[in-house]
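See below for the structure under consideration.
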Number of protein chains: 4
Amino acid sequence: MLKEGDWVLIRYEEKRYLRRLDPSGSLNVRKDVLKFKDLIGKPEGVKVGKFEVFRPTLEDIILLGFSRKTQIVYPKDAFYIAFKLGIDKGSRVLEFGTGSGALCAVLSSLAGEVYTYEVVEEFYELAKGNLSKFGMGENVRFHLGDFAEAELPEEFFDAVFVDVKDPVPYLQKVHRVLKTGGVVGFLLPTANQVSRLLENLRDMFGGEEVLEILIRYYKTVPERLRPEDTMVGHTAYLTFCRKLRS
Amino acid sequence: MLKEGDWVLIRYEEKRYLRRLDPSGSLNVRKDVLKFKDLIGKPEGVKVGKFEVFRPTLEDIILLGFSRKTQIVYPKDAFYIAFKLGIDKGSRVLEFGTGSGALCAVLSSLAGEVYTYEVVEEFYELAKGNLSKFGMGENVRFHLGDFAEAELPEEFFDAVFVDVKDPVPYLQKVHRVLKTGGVVGFLLPTANQVSRLLENLRDMFGGEEVLEILIRYYKTVPERLRPEDTMVGHTAYLTFCRKLRS
Amino acid sequence: MLKEGDWVLIRYEEKRYLRRLDPSGSLNVRKDVLKFKDLIGKPEGVKVGKFEVFRPTLEDIILLGFSRKTQIVYPKDAFYIAFKLGIDKGSRVLEFGTGSGALCAVLSSLAGEVYTYEVVEEFYELAKGNLSKFGMGENVRFHLGDFAEAELPEEFFDAVFVDVKDPVPYLQKVHRVLKTGGVVGFLLPTANQVSRLLENLRDMFGGEEVLEILIRYYKTVPERLRPEDTMVGHTAYLTFCRKLRS
Amino acid sequence: MLKEGDWVLIRYEEKRYLRRLDPSGSLNVRKDVLKFKDLIGKPEGVKVGKFEVFRPTLEDIILLGFSRKTQIVYPKDAFYIAFKLGIDKGSRVLEFGTGSGALCAVLSSLAGEVYTYEVVEEFYELAKGNLSKFGMGENVRFHLGDFAEAELPEEFFDAVFVDVKDPVPYLQKVHRVLKTGGVVGFLLPTANQVSRLLENLRDMFGGEEVLEILIRYYKTVPERLRPEDTMVGHTAYLTFCRKLRS
């Protein structure tokens with residue numbers, strides 16, 4: 001049952017809102033009003049007039065609830081990354097930089113433990129805040145600082161994800177802290193960055209894959225099924241490879 | 001360390017092989033030979049000549065290791081589905097039909113418990129075999145038979161995924177066994193099927209989304225970065241919605 | 001040389017403007033001013049500060065110069081259509097409805113003669129105005145009225161293009177006025193319309209093709225090459241077929 | 001009416017054949033036979049059993065009739081290029097290298113005169129043969145040799161298209177022979193080539209655009225409308241710009 005303080009996703013036709021259930025609160029869309037006190041004690045999935053009220057999924061939280069001061073890792077990419085890293089509840093995962101914490105939230109939902117590093121204090125605070133606001137991140141160790149300076153044992157991580165402008169200076173250290181055979185992923189917006197990365201992977205990492213994920217949404221009118229007029233044309237190129245034994 | 005009986009992914013330039021480590025076995029590619037007895041006791045990530053040897057990821061297992069007698073749910077779709085369903089280790093999930101078990105394997109890696117139904121005995125045996133062959137599926141209850149005839153309590157599942165030719169006759173029962181607010185997803189290859197589904201969701205389910213996922217792979221030559229010449233043009237349309245309280 | 005009254009395309013970084021050279025006119029972008037009297041007598045291709053001045057291409061005219069009261073046929077689609085119709089300077093082509101005249105302009109540039117029909121007087125005037133404003137359309141016969149009521153000889157056209165909401169009621173007449181073997185194309189936004197059309201083509205038309213064209217633009221910064229963040233996700237499905245001899 | 005020696009496109013369900021009408025010839029598909037002597041004197045568009053017989057379009061000729069020893073410029077790209085170059089019956093166009101002649105055929109259908117250069121004698125002969133075999137190319141001047149060595153007046157061409165591995169060494173000469181404001185296009189398969197080109201355009205050329213064209217074909221079964229399983233994932237990046245006055 002929905003109770004005071006719960007986060008809810010409210011849909012009204014094509015619109016979506018993420019709100020916290022404050023009994024004095026309400027949502028106004030066009031001429032309709034949804035009073036939050038009427039939701040408390042109701043099950044999620046309740047429909048009140050044109051309003052549909054659900055508990056938010058992880059995707060809803062990231063897209064609508066996370067404060068952003070950087071480009072976030074989109075759920076379409078984050079979900080794919082999380083699986084490609086081959087992690088499960090027994091895995092210890094490294095990611096840097098933390099950014100707004102979107103990928104961190106996804107990794108945290110799959111892995112046993114996540115280590116994350118961020119050099120910009122503002123982003124470090126933001127990501128911590130984003131996860132704690134939605135009750136996530138108990139298994140995340142947030143670090144303020146450059147991964148390059150972290151003191152970590154060899155072969156400490158099962159998988160690594162790198163989301164920094166220039167990953168090349170970090171490759172040797174990533175190689176050292178990753179278990180042999182472990183997967184490392186990279187998120188890079190430009191083709192030039194991907195080329196430069198691939199040039200520098202040789203010998204240390206193998207099994208390279210470079211790909212991009214495009215999602216095409218459709219209007220959901222059954223008698224007029226057609227893709228949306230505009231779509232996200234690019235978020236980033238994803239590169240995956242695996243540590244070779246030197 | 002790799003040991004006898006382990007599954008390994010072997011990469012040789014662009015080629016990939018999934019093999020079980022039988023000490024008397026070997027892999028021949030072009031003029032090169034990899035003897036499996038030389039791998040036993042080595043860490044994964046070892047490179048022997050042009051051969052790179054890793055433990056397989058879930059994606060490797062599904063794409064290279066699962067026997068197929070039906071169109072499988074591709075990992076690109078399965079990973080996205082698993083997250084959209086909003087499940088975790090505490091969730092009980094329903095899926096039907098089982099098919100070759102690809103989605104079942106992905107759901108099983110995320111959820112607490114998976115119930116799966118398949119009417120064709122050949123597929124039922126195939127899926128069971130695919131999961132057990134790779135040590136997966138302990139939390140999966142395989143059922144031979146039509147979900148329509150299953151006896152299940154109301155509001156029993158946290159999420160449902162439907163992969164049958166015509167989901168419409170199942171909608172009322174899906175609605176009954178799903179918790180209010182729970183996500184239900186559908187995989188349908190044709191636009192006509194999606195239209196028909198959307199027409200029939202009304203009132204029972206809300207928050208509809210229809211989408212397709214396209215993955216574009218790149219050749220990994222750094223000085224000649226470019227997409228692959230051909231790509232998968234279509235697997236299926238994915239539809240997601242959530243149970244409304246009737 | 002550019003002269004008074006000429007249309008010019010002006011580029012200023014990523015921005016584009018289509019303007020007529022009125023000697024008293026000017027263009028202000030940010031803090032920069034381009035005075036049109038300074039352009040007169042200059043060759044096209046002149047660069048004045050950050051302003052680049054060219055004669056517009058047909059694509060520039062359609063995208064920036066045509067007034068629209070309907071969804072236009074995008075140049076990416078129009079160029080492909082024009083070639084698929086297999087027309088040249090010796091061809092007589094039919095299209096309806098005229099809409100804003102974008103496809104009409106493209107067909108007119110390739111064909112000998114274009115007949116176009118439009119039932120809405122406002123669009124009929126708009127399209128005529130759009131073409132004449134840019135000195136095009138001498139070989140176009142604009143008709144106000146429904147093609148269904150036009151009196152035309154049998155086998156009169158080499159090719160036909162149909163851009164109406166429901167083409168099915170027109171198929172028999174299209175078949176009658178088109179030369180045997182001639183190509184007919186259709187522009188339809190929804191999958192449902194395409195299904196309905198395909199059902200009704202049988203016997204009269206053969207060699208069906210259905211396709212959609214996606215254009216992905218890149219940012220043109222050489223050291224940061226990457227696709228644009230957003231792209232046009234859908235304009236329409238294009239269907240082509242050819243008249244069979246009944 | 002079809003006559004001896006005519007080229008025809010023959011469709012049989014999803015298959016397509018381009019054949020010349022030799023009265024003694026025939027086409028066998030599965031258990032069906034089409035005798036060419038039965039077609040002579042018939043109009044195009046005739047249907048004989050499951051065979052549909054049409055005159056080929058330019059696209060049919062390029063895709064099915066042109067011999068290839070190089071990667072051809074696909075019609076989807078060629079049609080778009082031809083329009084972007086802004087040419088008409090009054091235009092003189094340059095292209096190099098000729099390759100198999102696919103773009104040359106398309107340009108020749110739109111422009112007044114086409115100059116084409118090819119350094120490989122085998123390709124030069126091939127392209128000439130491809131066009132003449134289908135009665136095209138009267139307005140094309142084929143040259144065996146490097147465009148870099150051609151003696152041509154300044155501002156001689158209205159538009160230029162460049163399809164060579166490294167266009168950079170040719171840019172100054174292209175600039176010299178192109179009219180101010182004229183469009184120049186480039187076809188390049190890799191992102192690295194595009195970056196390098198863009199770096200070198202500066203000052204000489206303006207109004208840059210980089211794009212790629214994706215075509216998605218659908219199966220034409222009305223009750224099962226869906227995209228084809230596989231699609232062409234990449235042909236080339238297209239770059240367009242216009243000559244600035246130096």
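Do we have C:A150 as among the small types (G, A, S), away from chain D (no Cβ under 12 Å) and either within 24 Å of D:K15 (Cα to Cα) or without any contact (Cβ under 8 Å) to a residue 60 or more places away in the chain (or both) here?
It is true that C:A150 is among the small types (G, A, S), away from chain D (no Cβ under 12 Å) and either within 24 Å of D:K15 (Cα to Cα) or without any contact (Cβ under 8 Å) to a residue 60 or more places away in the chain (or both).
So B:K37 fits all but one of (1) among the basic types (K, R); (2) within 13 Å of another protein chain (Cβ to nearest Cβ); (3) not in a strand (DSSP E or B); what number is the exception?
(2)
If D:F157 satisfies all but one of (1) more than 7 Å from every other protein chain (Cβ to nearest Cβ); (2) farther than 22 Å from C:K42 by Cα; (3) touching a Lys or Arg at 6+ places or on another chain (Cβ under 8 Å), what's the number of the condition it fails?
The failed condition is (2).
Please give the number of the condition A:F240 fails out of (1) in contact with a strand residue (DSSP E or B) (Cβ under 8 Å, 6 or more places away or on another chain); (2) closer than 30 Å to C:T190 by Cβ.
Only one criterion is unmet by A:F240, namely (2).
Quick one: which residue in B:R176, B:R196 is surrounded by fewer than 18 Cβ atoms within 10 Å (Cβ to Cβ), assigned by TED's automatic domain parsing to the domain that holds B:G97 and closer than 24 Å to A:L225 by Cβ? Lay out the reasoning, then the answer.
Details: B:R176 fails: closer than 24 Å to A:L225 by Cβ.
Answer to the check: B:R196.
Filter the range B:205-246 for residues that are within 25 Å of B:V164 (Cβ to Cβ) and without any contact (Cβ under 8 Å) to a residue 24 or more places away in the chain; which is surrounded by the fewest Cβ atoms within 10 Å (Cβ to Cβ)?
Once the filter is applied, the top-ranked residue is B:G233.
I want to confirm something. Restricting to the range A:166-218 and keeping residues that are in contact with an Asp or Glu (Cβ under 6 Å, 6 or more places away or on another chain) and among the charged types (D, E, K, R), which single residue is nearest to B:H234 (Cα to Cα)?
Filtering first and then ranking leaves A:R216.
Counting only residues that are under 29 Å from the mean Cα position of the chain (by Cα), not in a loop (DSSP other than H, G, I, E, B) and not aromatic (F, W, Y), which one in the range A:48-58 is surrounded by the most Cβ atoms within 10 Å (Cβ to Cβ)?
Residues of the range A:48-58 that are under 29 Å from the mean Cα position of the chain (by Cα), as a first pass: A:51-58.
Then drop every residue that is not not in a loop (DSSP other than H, G, I, E, B), which leaves A:51-54, A:58.
Still in the list and also not aromatic (F, W, Y): A:52-53, A:58.
Values: A:E52: 24, A:V53: 30, A:L58: 22.
Checked the range A:48-58; the qualifying residue surrounded by the most Cβ atoms within 10 Å (Cβ to Cβ) is A:V53.
With the requirement that a residue be in a loop (DSSP other than H, G, I, E, B) and in contact with a strand residue (DSSP E or B) (Cβ under 7 Å, 6 or more places away or on another chain), what does the range A:205-228 give you? Even if it seems obvious, please write down each step before you answer.
Filtering the range A:205-228 for residues in a loop (DSSP other than H, G, I, E, B) gives A:220-221, A:225, A:228.
Scanning the range A:205-228 gives A:T220, A:L225, A:E228.
Would you please name the residue that is farthest from the other protein chains (Cβ to nearest Cβ), looking only at residues in the range C:59-68 that are among the charged types (D, E, K, R) and crowded, with 16+ Cβ neighbours inside 10 Å? Walk me through how you get there before you give the answer.
Taking the range C:59-68 and keeping what is among the charged types (D, E, K, R), we get C:59-60, C:68.
Add one more test, that the residue is crowded, with 16+ Cβ neighbours inside 10 Å, and what stays is C:59-60.
On the way: C:E59: 7, C:D60: 9 Å.
Selected residue: C:D60.
Any idea which of (1) out of contact with any Phe, Trp or Tyr (no Cβ under 8 Å at 6 or more places or on another chain); (2) closer than 30 Å to A:L9 by Cα; (3) at pLDDT 95 or above; (4) not hydrophobic (A, V, I, L, M, F, W, C) is the one A:D158 doesn't satisfy?
(2)
Looking only at the range C:1-34, count every residue that is within 14 Å of another protein chain (Cβ to nearest Cβ), out of contact with any Gly (no Cβ under 8 Å at 6 or more places or on another chain) and farther than 16 Å from C:L58 by Cα and tell me the total.
Of the residues in the range C:1-34, 4 are within 14 Å of another protein chain (Cβ to nearest Cβ), out of contact with any Gly (no Cβ under 8 Å at 6 or more places or on another chain) and farther than 16 Å from C:L58 by Cα.
In the range B:27-59, how many are charged (D, E, K, R) and within 16 Å of B:E13 (Cα to Cα)?
At the first step, the residues of the range B:27-59 found to be charged (D, E, K, R) are B:30-32, B:35, B:37-38, B:42, B:44, B:47, B:50, B:52, B:55, B:59.
From the residues that got through so far, the ones that are within 16 Å of B:E13 (Cα to Cα) too are B:30-32, B:47, B:50, B:52.
So the count comes out to 6.
Name the residues in the range D:111-130 that are assigned to a helix (DSSP H, G or I) and either among the polar types (S, T, N, Q) or surrounded by 23 or more Cβ atoms within 10 Å (Cβ to Cβ) (or both), would you?
Going residue by residue through the range D:111-130, those that are assigned to a helix (DSSP H, G or I) are D:121-130.
D:A127, D:N130 - these are the residues of the range D:111-130 that are assigned to a helix (DSSP H, G or I) and either among the polar types (S, T, N, Q) or surrounded by 23 or more Cβ atoms within 10 Å (Cβ to Cβ) (or both).
Read through the list (1) at pLDDT 95 or above; (2) assigned to a helix (DSSP H, G or I); (3) not hydroxyl-bearing (S, T, Y), then give the number of the only condition that B:F79 fails.
Here B:F79 meets the rest and fails (1).
For residues in the range C:205-244 being away from chain A (no Cβ under 14 Å) and among the basic types (K, R), which is farthest from the chain's Cα centre (by Cα)?
Going through the qualifying residues, I end up with C:K243.
Can you pull out every residue in the range C:154-178 that is within 14 Å of D:P222 (Cβ to Cβ) and assigned to a helix (DSSP H, G or I)?
At the first step, the residues of the range C:154-178 found to be within 14 Å of D:P222 (Cβ to Cβ) are C:167-168, C:171.
Matches in the range C:154-178: C:V168, C:L171.
Give me the pairs, please: first residue somewhere in the range B:69-90 and more than 9 Å from chain A (Cβ to nearest Cβ), second residue anywhere and hydroxyl-bearing (S, T, Y), beta-carbon distance under 7 Å, and either six or more positions apart or on two chains.
Qualifying pairs under 7 Å: B:K69/B:S100; B:T70/B:S100; B:I72/B:S100; B:Y74/B:T235; B:D77/B:T235.
Looking only at the range C:157-167, which residues are surrounded by 14 or more Cβ atoms within 10 Å (Cβ to Cβ) and touching a helix residue (DSSP H, G or I) at 6+ places or on another chain (Cβ under 9 Å)? Reasoning before the result, please.
Within the range C:157-167, the first condition is being surrounded by 14 or more Cβ atoms within 10 Å (Cβ to Cβ), and the residues that meet it are C:157-164, C:167.
Scanning the range C:157-167 gives C:F157, C:A159, C:V160, C:F161, C:V162, C:D163, C:V164, C:P167.
Can you tell me which residue in the range D:13-29 is nearest to the chain's Cα centre (by Cα), limited to those that are at pLDDT 95 or above and part of a loop (DSSP other than H, G, I, E, B)?
Applying the filter and picking the extreme gives D:L21.
Of the residues in the range D:162-186, how many are over 16 Å from D:V114 (Cβ atoms) and of a type outside the set (D, E, K, R)? Give the derivation first.
To start, the set of residues in the range D:162-186 that are over 16 Å from D:V114 (Cβ atoms) comprises D:164-173, D:175-176, D:180-181, D:186.
From what is left, the residues that are of a type outside the set (D, E, K, R) are D:164, D:167-172, D:175, D:180-181, D:186.
Final tally of qualifying residues: 11.
Could you list all residues from the range C:179-204 that are in a strand (DSSP E or B) and either modelled with pLDDT under 95 or within 9 Å of chain D (Cβ to nearest Cβ) (or both)? Talk me through it step by step, then tell me what you get.
To start, the set of residues in the range C:179-204 that are in a strand (DSSP E or B) comprises C:179-188.
Passing the criteria: C:K179, C:T180, C:G181, C:G182, C:V183.
Would you point out which residue out of D:G181, D:G185 is crowded, with 22+ Cβ neighbours inside 10 Å and over 20 Å from D:L103 (Cα atoms)? Even if it seems obvious, please write down each step before you answer.
On the way: D:G185 fails: over 20 Å from D:L103 (Cα atoms).
None of the others qualify; the one that does is D:G181.
From the list D:R245, D:R224, exactly one residue is among the basic types (K, R) and over 18 Å from C:G45 (Cα atoms). Which is it?
Working: D:R245 fails: over 18 Å from C:G45 (Cα atoms).
Result of the check over D:R245, D:R224: D:R224.
Can you confirm whether B:V184 is touching a Leu at 6+ places or on another chain (Cβ under 8 Å), touching a residue at least 24 places away in the same chain (Cβ under 8 Å), in the same structural domain as B:A82 (by TED's automatic domain parsing) and of a type in the set (V, I, T)?
Working: touching a Leu at 6+ places or on another chain (Cβ under 8 Å): yes; touching a residue at least 24 places away in the same chain (Cβ under 8 Å): yes; in the same structural domain as B:A82 (by TED's automatic domain parsing): yes; of a type in the set (V, I, T): yes.
Yes, satisfied.
Give the residue, chosen from A:V29, A:V73, that is out of contact with any helix residue (DSSP H, G or I) (no Cβ under 9 Å at 6 or more places or on another chain) and more than 27 Å from B:H175 (Cα to Cα).
Values: A:V73 fails: out of contact with any helix residue (DSSP H, G or I) (no Cβ under 9 Å at 6 or more places or on another chain).
Just a single option satisfies the conditions, and that option is A:V29.
The values are calculated or read from the model by the stated rules, or taken from the named source; none is laboratory data. Model, not experiment: these values are computed from the prediction. Cβ sites come from the backbone with ideal geometry, for glycine too, and all protein chains shown count toward neighbours.
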